[in-house]
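See structure below.
The values are calculated or read from the model by the stated rules, or taken from the named source; none is laboratory data. Worth saying up front: this structure is predicted, and the values here are computed from it rather than measured. Glycine also receives a Cβ, built like all others from the backbone with ideal geometry; neighbour counts cover every protein chain displayed.
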């Protein structure tokens, strides 16, 4: 940025250090001398120039560059060939075009080698192409930018496969329990079908009963298990009953 001296316009009574700005990057000795003839005015221009530099320089020079924070897709489970609409997300609006490298852990899911988050965007889309599989697969998509990586997991099952959910017990007895004393029991949930099962929630009704140990939603491939903990903490005497409701996409079990 250059600060240069302008001659006084006709009819104006101004000092010889009136300035104008253009973007060339230097200040001549004569111009510095002119500016110094009026220190207060030079101080004002210094403030203006500093502000211009702050807003014009790339954000990277101030340590606030946008960083990759995540990758996600609209569908996590496939039982046939198809496409998935996916998105990469940045921590803030980008100050320039940002390249993001994409990889898939399986040839059954194809993604572009590189996609771009455009200037002033916080996220941009890409498409994952899913092929039919003959056996269940768990596929990890990885996005990487500036040394930071984020992942998203897809579950692929053969066409015609069905999800199932089995329980290690359909009822739980807590026996006699002292007041204000917690007893915990566990129930094992098993993916018993030929396709991945997605458990969306578990809820407990009944005074003194609660559940823990699982975060929802959770997807289990065939044969995989998860453990749900059911607790009982009575505050009043007497027989108590409760009900556990588990929601999933299982068609059997």
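Things worth noting here:
- Checked against (1) over 34 Å from the mean Cα position of the chain (by Cα); (2) surrounded by 13 or more Cβ atoms within 10 Å (Cβ to Cβ), residue 220 passes all but condition (1).
- Inter-residue pairs, beta-carbon under 8 Å, first free of Cβ contacts under 8 Å to residues at least 24 places away in the same chain and in segment 99-111, second crowded, with 18+ Cβ neighbours inside 10 Å and outside any loop (DSSP other than H, G, I, E, B), 6+ apart: 110/128
- Residue match in segment 118-133 (condition: loosely packed, with under 14 Cβ neighbours inside 10 Å, touching a strand residue (DSSP E or B) at 6+ places or on another chain (Cβ under 9 Å) and over 19 Å from residue 75 (Cα atoms)): yes
- Scan segment 81-121 for residues that are in contact with a helix residue (DSSP H, G or I) (Cβ under 6 Å, 6 or more places away or on another chain) and modelled with pLDDT of 95 or more and the total you get is 0.
- Among the residues listed as 248, 192, the single one being surrounded by 12 or more Cβ atoms within 10 Å (Cβ to Cβ), over 25 Å from the mean Cα position of the chain (by Cα) and more than 30 Å from residue 117 (Cβ to Cβ): 192
- Verdict on residue 140 being surrounded by fewer than 12 Cβ atoms within 10 Å (Cβ to Cβ), at pLDDT 95 or above and either under 30 Å from residue 109 (Cα atoms) or touching a strand residue (DSSP E or B) at 6+ places or on another chain (Cβ under 7 Å) (or both): no
- Evaluating residue 120 against the criteria (1) in a loop (DSSP other than H, G, I, E, B); (2) over 23 Å from residue 97 (Cβ atoms) leaves one unmet condition, (2).
- Residue 175 passes every criterion in (1) buried (at least 19 other Cβ atoms within 10 Å of the Cβ); (2) over 21 Å from residue 109 (Cα atoms); (3) free of Cβ contacts under 8 Å to residues at least 60 places away in the same chain apart from (1).
- A count restricted to segment 121-161 and to residues that are on the phi < 0 side of the Ramachandran plot and without any contact (Cβ under 8 Å) to a residue 24 or more places away in the chain stands at 1.
- Residue check, residue 225 closer than 23 Å to residue 137 by Cβ and surrounded by 14 or more Cβ atoms within 10 Å (Cβ to Cβ): no
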